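These notes concern the structure reproduced below.
Each reported figure results from applying straightforward, stated rules to the coordinates on display, with no laboratory input. Since the model is a prediction, treat every value here as computed from it, not as a measurement. Cβ placement follows ideal geometry from the backbone for every residue including glycine, while neighbour counts extend to all protein chains displayed.
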Amino acid sequence: MRSSRFFLSTLKEAPAEAELISHQLMLRAGMIRRLAGGVYTWMPIGLRVVRKVEAIVREEMNRAGAIELSMPVVQPAELWQASGRWQAYGPELLRFQDRHKRDFVIQPTSEEVITDIARAELRSYRQLPVHFYQIQTKFRDERRPRFGVMRGREFVMKDGYSFHADRADLEREYANMYATYCRIFTRLGLRYRPVAADTGSIGGTGSHEFHVLADSGEDAIAYCAASEYAANVELAEALAPPDPRPSAQEALSEVATPGRTRCEEVAADLGIALSRMVKAIALVSDESDDAVPLTASTQGTAGAGEGAAAASSDTHANDASAARTATPKLWLLLLRGDHTLNEIKAQKLAGLGAFHFANDAQIEAALACRPGYIGPVGASQSVRVIADRSVAVLADFVCGANREGFHLRGVNWGRDLPEPFAVADIRNVQEGDPSPDGGGLLQIQRGIEVGHIFQLRRKYSAALAATFLDAQGKAIEFEMGCYGIGITRIVAAAIEQNHDERGICWPDPIAPFRIAITGLGYQRNDTVRAATDTLYEQMLAAGIEVLLDDRNERPGVILTDLELIGIPHRIVIGERGLNGGTIEYQARGMTAPSAIPIADALDHIRRVLA
């Protein structure tokens, strides 16, 4: 491809709203252009990368035995209502009506549609198993789209769905997809890690995420270097401390802590370790309400970063109070001062489910205390106290006194307050925690989720009455699996993992072009132009994806653009080198070019590309 017949549009600076390096570089390299919030046009250079990702995914899915189809972007509401997700999915589901006032959605995913296809087309166990997949545009109406295509509203995803006669066959295909995804991300040239994960809104039982490892990743991954254990921090189990609770040594006393509502502040004033502080997080179970963000108003003695949003969120919490009952059943979740709440684990507590963080009025109604100093001592029987495993073994700890400006120290279970209603794992694991598999200590790294596989089981087949006839002629609901890959997110994730101060450093398999050629003075020097054109034609004939940058620009502009775009290999042809029978080759990661004989250029490129 000649640049004079292509379209390159680079920028010296990225727009101010571009935060992540991938967003900045994609805009500067001319890969994408913003149309609306979270909606982007893929420009020619960017689309080449997308198509390469798609090709690798498609080849491996076909190799694994999956069958490609294409489902509509627009889906009727009836299917979503039947599955229960019309109400449950939330505002991210873009709903609209056609001219006949019939309800539709723009697909964020296609479990309902594929299940409808299965119940109409798959009638006998003899047709099973079958695995359908598509590479299709999706839309999720994110409240705050950000980070370019990393957290956009419109995106391209590979979503696959398998149907099975029994669970054993589902587990076989799940293992097949696990291996297939590993091959895909290896072929893409990415450093990745598969981790056990929560099933989230998709539902089902087993689940694994695939993360591209990058410091900018939104997800935290817990893994053990001494074993095979790896899990999203949302799912990773925090084991109970091995030692039993020590006996009480201190008498209960009340200490004045005026203006001290944070664990760090109280611990510093009292001269104790943060791990001896206990913070109480107040929750209210309410399936219908939107959750109020966690702020200092929702807990007694906030942890660092858990009360930072108080100033911006208090108004929201107070406005919400009018719509909620003044005397709900309050839940107090107790954590050590140096630990953080895991909301996914909290949602799984029996009887809590979906919840919102209690507002000021709800806290005062239940505990007769202003937020910031609440605690479990003296709480009424209507307050359900859940202690994290690490809190349940504490003795002589410090917590809020349920009296403004005061804390209690020397608090002990059984003596000063009843044993908790329940003890549960409700915190996020931390670096250095023991691995749940007993293999060593956990480490934490950041990752960008680019793939997710689920064992849906019968969640959707039961909801939509999708059945087949088994060997005895009995109607049985399908066992189902679901397998997703974020195609366009992979592009951004690859950049987050592969860049330097000069621009993108694409892995070879997904680079827009494998190699770029430019001739110094190409437009003015017949000798340079002839040598450049000859090598270019040789590479085309050899099936090499090559970009000939024949723009009438200064050499510095051309070379800067090629580094920004991230083409892995580059050849520069100049008159001085030609006089000595050489040209310059430089890989994207090299700091300086090397001279190679022009007669050996094609063979040299073949070797480095291999």
Worksheet item: Assuming R0 = 22 Å, what is the FRET efficiency of Glu17 and Asp141, from their Cβ-Cβ distance, to the nearest 0.05?
Response: 0.70
Worksheet item: Considering amide H positions built from the backbone, and no H for Pro or chain starts, which residues 5 or more places from Asp433, or on another chain, come under 5 Å of its amide H?
Response: Leu442
Discussion item. I need the calculated FRET efficiency for the pair Asp243 and Asp269, taking r as the beta carbon distance and R₀ as 22 Å, to the nearest 0.05.
Written reply: 0.20
Worksheet, complete the sentence: Taking a crude spin-label model, label points 7 Å out from Cα along the C-beta direction, the Cys182 to Ser4 distance in nm is 5.0
Worksheet, complete the sentence: Checked against the structure, the computed Rg and Dmax of the Cα atoms in Å among [x] 23.9, 77; [y] 26.3, 85; [z] 29.4, 94 is the one labelled [z]
Practice prompt. Among the trypsin sites (Lys or Arg not before Pro) in region 366-437, which ones are in a DSSP loop with at most 13 other Cβ atoms within 10 Å of the Cβ? Mind listing them?
Written response: Arg415
Worksheet item: Gain in length, Asp169 to Arg123, computed as 0.36 nm per residue apart minus the alpha-carbon separation, to one decimal in nm?
Response: 14.8 nm
Worksheet item: For region 9-83, which trypsin sites (Lys or Arg not before Pro) are both in a DSSP coil and crowded by at most 11 other Cβ atoms within 10 Å?
Response: Lys12
Practice prompt. Within region 158-202, which residues have the backbone N less than 14 Å from the label spot 7 Å out from Ile67 along Cα→beta-carbon, could you tell me?
Written response: 161-164
Worksheet item: Using the Karplus equation 6.51 cos²θ - 1.76 cosθ + 1.60 (θ = phi - 60°), what ³J(HN,Hα) coupling, rounded to whole Hz, does each residue of region 270-281 give in order, writing x for Gly and Pro?
Response: 8, x, 10, 6, 4, 5, 8, 7, 10, 9, 10, 9
Discussion item. Positive end of the dipole of the chain, charges at C-beta (+1 Lys, Arg; -1 Asp, Glu), about the Cα centre: which of Thr41, Leu442, Ala251 has its Cα farthest in that direction?
Written reply: Thr41
Worksheet item: How would you rank Ser216, Ser4, going from fewest to most other Cβ atoms within 10 Å of each one's own Cβ?
Response: Ser4, Ser216
Discussion item. Out of the GluC sites (Glu not before Pro) in region 484-549, which ones are loop residues according to DSSP with at most 14 other C-beta atoms within 10 Å?
Written reply: Glu501
Item to complete: For a quick protection proxy, order the peptides 274-285, 351-362 by their average other-Cβ count within 10 Å, most packed first.
Response: 274-285, 351-362
Fill in: Other-chain or far-sequence residues with amide H under 5 Å of Ile517's (modelled H)
Leu547, Leu548, Asp549, Ile571
Practice prompt. Select from Leu270, Gly451, Ala236 the residue farthest towards the positive end of the dipole of the chain; place +1 on Cβ of Lys and Arg, -1 on Cβ of Asp and Glu, and compute about the Cα centre.
Written response: Gly451
Response to the item:
Phi-derived 3J(HN,Hα) across region 422-439 with the Karplus relation (6.51, -1.76, 1.60, θ = phi - 60°), rounded Hz, x for Gly and Pro, is 8, 10, 8, 7, 10, 10, 7, 5, 10, 4, x, 5, x, 5, x, 8, x, x
Worksheet, complete the sentence: Over the chain, the sum of -39500 (n - 2.57) across DSSP H runs of at least four, divided by residue number and rounded to 500 deg cm²/dmol, gives at 222 nm -8000 deg cm²/dmol
Response to the item:
Expected vector for region 451-465, Karplus 3J(HN,Hα) from phi with 6.51, -1.76, 1.60 and θ = phi - 60°, integer Hz, x for Gly and Pro, equals x, 8, 10, 9, 9, 5, 6, 10, 3, 8, 5, 5, 5, 9, 6
